Amino acid sequence: MTFLSILACAACVCAGADSTCCASTAQSLICNLADAAEHGRFYFGHHDDTAYGRDWQYVEGASDVKALTGRYPGMMSWDLGMIELASDKNLDGVPFSFMATEISRQQARGGVSTISWHPRNPATGGDSWDTSASPLELMAENPALRDTLELWIDRAADFIGSIRNDAGERVPVIFRPWHENSGSWFWWGAPYSTPPQYIDLWKLTRERFDAKGIDNVVWAYAPDKDLTREQYFSTYPGDEYVDILGCDIYHFDGENGLADFERRLNDQLPYIAAEASRRGKVAALTETGLESVTMPRWYTEVMLPVMKRYKLAYVCVWRNAQKQQLPDHYYVPFKGHPAEADFVEFASDPAVIMVR
């Protein structure tokens with residue numbers, strides 16, 4: 001998706017017309033996102049929503065969000081970690097076949113899907129959080145690492161390209177690779193690569209996808225928090241490589257951390273939204289949440305005003321892990337939770353896109 005084609009897509013959205021500019025799968029998704037933001041609406045997203053919840057897993061039709069609201073989230077989020085090793089399940093045990101089916105079902109509901117990727121460290125064999133060696137720094141002197149990365153990227157591309165609907169057409173998805181690169185917790189993070197090395201990794205990813213003709217991807221760039229405009233764009237791959245300008249900013253420490261969370265959002269989202277508009281891109285809050293939802297009015301009094309203020313196309317919160325495994329690791333309330341009523345009110349707001 002090029003800069004000019006996105007501008008054309010935005011034009012056809014504003015005209016409210018059925019146009020060939022929105023004909024491709026990726027372009028049609030960009031049109032839907034741009035249209036939502038233009039009209040002051042946004043997709044609400046939840047990670048692994050239909051795979052498992054607080055006290056269930058792989059139950060047909062189940063969703064912690066739907067159990068409260070009667071509707072599914074307008075966006076569902078998934079992760080490709082372990083696809084690089086040709087595993088049949090991702091790093092959280094979600095079968096890739098299940099994921100593909102759910103992405104197709106979400107499209108049929110009128111919703112959208114986004115995909116992140118936590119690949120292993122190709123230099124060590126450790127996970128994404130293994131920063132003991134930097135593949136991006138070692139790649140210049142070790143061509144085998146580049147070969148490994150190319151193979152891994154090809155496997156990710158093959159999976160995404162294989163996702164089809166009942167008509168046999170590719171389903172458009174948002175792909176958010178190499179996310180939170182401004183942080184220090186992933187092997188592709190800022191301390192372990194230079195900006196040119198990170199940009200080269202992104203371009204390599206696009207080149208491998210494009211060479212395979214994968215045309216159902218909308219590309220999301222999503223660094224982390226506490227960045228100036230200059231820092232944010234220091235690792236930006238370029239307008240021809242990116243469709244969505246986003247950021248991943250979490251809320252930590254409940255009421256005590258509210259001021260920091262709001263400051264981070266208000267420092268970063270204004271220039272992201274402005275640059276997205278100037279460049280013909282879509283702006284989004286690509287990953288966020290308050291673990292355990294410890295503030296009973298968090299969704300309506302914290303998140304909703306932010307989304308409306310900046311006209312973002314979507315917001316995605318993280319998963320609801322099973323309580324016997326991680327009792328405090330959830331980002332959507334459930335029946336009996338103090339924030340239950342607030343979340344129902346949030347999901348009922350006309351600005352929030354949910355699906356049935």
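Quick notes on this one:
- On the stretch given as segment 115-149, residues that are loosely packed, with under 14 Cβ neighbours inside 10 Å and either part of a helix (DSSP H, G or I) or at positive phi (or both) total 4.
- Consider segment 186-199 and keep the residues that are farther than 17 Å from residue 124 by Cβ and without any contact (Cβ under 8 Å) to a residue 60 or more places away in the chain. The one that is surrounded by the fewest Cβ atoms within 10 Å (Cβ to Cβ) is 196.
- Scope segment 313-355; condition in contact with a strand residue (DSSP E or B) (Cβ under 7 Å, 6 or more places away or on another chain) and within 17 Å of residue 287 (Cβ to Cβ); matching residues: 313, 314, 315, 316, 317, 318, 319, 331, 332
- All positions within segment 98-114 that are part of a helix (DSSP H, G or I) and within 20 Å of residue 217 (Cβ to Cβ): 99, 100, 101, 102, 103, 104, 105, 106, 107, 108
- Taking the conditions (1) of a type outside the set (Ser, Thr, Tyr); (2) surrounded by 14 or more Cβ atoms within 10 Å (Cβ to Cβ); (3) modelled with pLDDT of 95 or more in turn, residue 61 satisfies each one other than (2).
- Scanning segment 304-316 for residues that are in contact with a Phe, Trp or Tyr (Cβ under 7 Å, 6 or more places away or on another chain) and buried (at least 22 other Cβ atoms within 10 Å of the Cβ) gives 307, 312, 313, 314, 315.
- Those residues of segment 146-167 which are among the hydrophobic types (A, V, I, L, M, F, W, C) and closer than 27 Å to residue 187 by Cβ, in sequence order: 149, 151, 152, 153, 156, 157, 159, 160, 163
- Residues located in segment 150-185, provided they are surrounded by 15 or more Cβ atoms within 10 Å (Cβ to Cβ) and small (Gly, Ala, Ser): 156, 157, 161, 182, 183
- Within segment 152-185, the set of residues being free of Cβ contacts under 8 Å to residues at least 24 places away in the same chain and of a type in the set (Asp, Glu) is empty.
- Among residues of segment 281-310 being of a type in the set (D, E, K, R) and within 17 Å of the chain's Cα centre (by Cα), the one that is nearest to residue 218 (Cα to Cα) is 281.
The values are calculated or read from the model by the stated rules, or taken from the named source; none is laboratory data. Just so we're clear, the structure is a prediction, and the values are computed from it rather than from any experiment. Neighbour counts are summed over all protein chains in view; Cβ atoms, including those assigned to glycine, are modelled from backbone coordinates with ideal geometry.
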